[in-house]
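Asks: First, the structure itself, so that you have it in front of you.
Throughout, read-outs are computed from the coordinates displayed, never taken from laboratory work. Worth saying up front: this structure is predicted, and the values here are computed from it rather than measured. Note that we place each Cβ from the backbone using ideal geometry, even for glycine, and neighbour counts take in every protein chain shown.
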Amino acid sequence: MTQKRNRVIYIPYSNKSGDVYEYPVNMIKILEKKYAVNGQLAELNNVVDIMKTKAVFLNWIEDKLDTKMKIQLCMYRLFGAKVIWIFHNKFPHKFTEKDRKIMGNMRWLANHASYIILHSRSSRKYVPNYSINKSKAVYVPHIMFEKRLSLQHISELRNKYNISETDFVFTMFGMIKQYKRYEDTIKAFKKLGIPGTKLILAGNSDEVEYIKCLKNLCCDCEDIILDIRYIPNVTLNAIIEISDVIVVPYVNSSSMNSGVMIQAFSNARTVIIPDICMARDLASQRFFYGYKMNLEKAMLKAYKNGKEANREMGNRAYEYVSKHNNEEVVSAKLYSILER
């Protein structure tokens, strides 16, 4: 008798809809429509649980992969479960001795995975050990984010940040990490020196020294709003709503995709983003500002285009992700992988 496989493991597991970053929540919500989903690998002697598992999804797991987990994953594959790795970055954003281990783990995951999920078609060539593992790579669109707005939050934020409806607003949001180059945006904005413009930098951070650096950079410019805290989704959507352009100046040598880009598009806002794989995929759509070196020039171009033109670009971006990155499309892709 064939064992019915009705379980899926998603690591790290999170179904808390109030999380700032909704990506894993949305992915798990899709999987839970057909499978029982949890975030815990079975112990090696629990063969019954292993044989009930359809697949193990691994998302941002490279730095946590140890010998025990590798053995567990091999056991799942041995007993017929799929191991599915979601490949986000070419390599770690910073390169230390610890990151050498992470690079090794990325190669191990690529070699041992049943499938490798890509969120940009242009990232296929960066799959570790490409010649061996390219056939495992499967494109799945990055799922769009739900737009939830509160007029009260929007009004409160405008008052809190002292932003009028005529101000032109650039915004960066998400976890504040050094690799995201917040300082580049601050310096570019200050060089612009355009009256009636604002820069919002909003998100939480655990990098204390980096935050000190950013505060020092911002202290002489009252048009920069630095809001460092945990920001609930309803507040984050309000921040995006009062923004004209979202700035995403990632280190393009390591980054391939941007959840912030998809979240901005999901809220009908255009972005300024470097030449990463996801941007290359969408370049022909012309609803965002791509750049390679000169962030200040890209910001100036966005400003000169005006609020109305940027809103129109954001609306076209929203129409695109509504068609190509919606839950139905992503569900079909994921179920197709699971049922192969």
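Asks: Based on the mean of other beta carbon atoms within 10 Å per residue, what is the order of 74-83, 5-14, 238-247, most packed first?
Replies: Put in order of decreasing packing, that is 238-247, 5-14, 74-83.
Asks: Still on this structure, please answer the following. Give me, ordered by chain and number, the residues 5 or more places off Thr197 or on other chains with an amide H under 5 Å from its own placed amide H.
Replies: Placed amide hydrogens put Phe168 under 5 Å from Thr197.
Asks: Shape verdict for the stretch 94-237, please, from the Cα gyration tensor: rounded (a/c under 1.5), prolate (a/b greater than b/c) or oblate.
Replies: Taking the square roots of the gyration eigenvalues as a ≥ b ≥ c, the stretch 94-237 is prolate.
Asks: Related question: Considering the options Val8, Ala279, Thr166, tell which one lies farthest towards the positive end of the dipole of the chain, charges being +1 on Lys and Arg and -1 on Asp and Glu at the Cβ, about the Cα centre.
Replies: Final value for the positive-end residue is Val8.
Asks: If you don't mind, there's one more thing I want to ask. Can you compute the charge dipole magnitude of the stretch 151-324 about its Cα centre, using +1 on each Lys and Arg Cβ and -1 on each Asp and Glu Cβ, nothing else charged? Give it in debye, rounded to the nearest 20.
Replies: Magnitude of the dipole: close to 400 debye.
Asks: Using the 2.2 N^0.38 Å rule of thumb for compact globular proteins, work out how the stretch 151-324 stacks up: its C-alpha Rg over that value, please.
Replies: Its radius of gyration relative to the 2.2 N^0.38 Å reference: 0.96.
Asks: Hey, another quick one. Of Lys180/Lys301; Lys160/Lys198; Lys33/Lys323, which ones are farther than 19 Å apart at the Cα?
Replies: The pairs that break the limit, which is 19 Å between Cα atoms, are Lys180/Lys301; Lys33/Lys323.
Asks: Within the stretch 202-237, which trypsin sites (Lys or Arg not before Pro) sit in a loop by DSSP and count at most 10 neighbouring Cβ atoms inside 10 Å?
Replies: Arg229
Asks: Would you kindly derive the ³J(HN,Hα) couplings of the stretch 232-241 from the backbone phi angles with the Karplus curve 6.51 cos²θ - 1.76 cosθ + 1.60 (θ = phi - 60°), listing them in order in whole Hz, with x for Gly and Pro?
Replies: Each residue of the stretch 232-241 in turn: x, 4, 5, 6, 4, 5, 5, 4, 5, 4 Hz.
Asks: In addition: Mind pulling up the Rg/Rh value for the stretch 238-314? Radius of gyration and Kirkwood radius, both on Cα.
Replies: 0.93
Asks: Report the trypsin sites (Lys or Arg not before Pro) located in the stretch 231-338 that are in a DSSP loop and have at most 14 other Cβ atoms inside 10 Å of their Cβ, or state none.
Replies: Passing both the DSSP loop test and the Cβ count: Arg286, Lys292.
Asks: Place +1 on the Cβ of every Lys and Arg and -1 on the Cβ of every Asp and Glu in the chain, take the dipole about the Cα centre, and give the residue among Asn237, Cys213, Ser120 whose Cα lies farthest towards its positive end.
Replies: Of the candidates, Ser120 comes out farthest on the positive side.
Asks: Hey, what do the phi angles of the stretch 118-126 turn into as Karplus ³J(HN,Hα) couplings, whole Hz, using 6.51/-1.76/1.60 and θ = phi - 60°, x for Gly and Pro?
Replies: Each residue of the stretch 118-126 in turn: 10, 9, 8, 5, 5, 8, 4, 5, 9 Hz.
Asks: Ok, one more. Going toward the positive end of the dipole of the chain, with +1 on Lys and Arg Cβ and -1 on Asp and Glu Cβ, which of Ile200, Met313, Ala188 do you reach last?
Replies: Ranked along the dipole, the leading option is Met313.
Asks: In debye, nearest 20: dipole of the stretch 233-340 around its Cα centre with unit charges on the Cβ of K, R (+) and D, E (-)?
Replies: 340 debye
Asks: HN-Hα J couplings of the stretch 292-303 from phi, Karplus 6.51/-1.76/1.60, θ = phi - 60°, integer Hz, Gly and Pro as x?
Replies: Each residue's phi maps through the Karplus curve to give 10, 10, 9, 5, 4, 5, 5, 5, 5, 4, 4, 4 Hz.
Asks: Same structure, new question: Which log10 I(q)/I(0) values does the chain give at q = 0.16 Å⁻¹ under the Debye formula, counting every alpha carbon as one identical point scatterer?
Replies: -1.42
Asks: So, one more: Classify the stretch 270-321 as rounded, prolate or oblate from the Cα gyration tensor: take a ≥ b ≥ c as the square roots of its eigenvalues, call it rounded if a/c is under 1.5, otherwise prolate when a/b beats b/c and oblate if not.
Replies: Taking the square roots of the gyration eigenvalues as a ≥ b ≥ c, the stretch 270-321 is oblate.
Asks: Which links in Lys212/Lys304; Lys90/Lys177; Lys212/Lys292; Lys29/Lys125; Lys34/Lys68; Lys52/Lys90 stretch past 25 Å when you go from one Cα to the other?
Replies: Lys212/Lys304; Lys212/Lys292; Lys29/Lys125; Lys34/Lys68; Lys52/Lys90
Asks: Here is a follow-up. Rounded to two decimals, what is Rg over Rh for the stretch 292-340 when you use alpha-carbon atoms and the Kirkwood radius?
Replies: Ratio value, two decimals: 1.28.
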